[in-house]
Amino acid sequence: MLRPRFDAFIEALCAHIAGEGAKRRIAGPLIILIWQRLRRLAARFARLVATPLRPLQKRNGEPVPLYKTTGTATAPT
């Protein structure tokens, strides 16, 4: 259900960009580059939605230190 709505949104956005580009006299190649970027983002989103979620990895419960505690350098405060 999410993907058809997103596809329709991308199509409407591309149509709006074409209309505004013509009205504002933006160069045609620039509009095509914007379309291509939107289409790549849409394809990336479609792949993300199509892949099943992986189970979360279990952690051992030990916190990961942000800074090394050895040496002469001190952690910022």
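All of the numbers you see were taken from the coordinates with simple rules; none came from a lab. What you see is a predicted model; the values in this text were computed from it and never measured.
Some observations on this one:
- Over the chain, DSSP H runs of length four or greater, each weighted -39,500 (n - 2.57), average out per residue to a 222 nm ellipticity of -20500 deg cm²/dmol.
- Evaluated at q = 0.16, 0.25 Å⁻¹: base-10 log I(q)/I(0), Debye formula over Cα of the chain: -0.72, -1.14
- One decimal place: the segment Phe9-Asn60 gains 14.1 nm when fully extended, by the rule 0.36 nm per residue minus the C-alpha distance.
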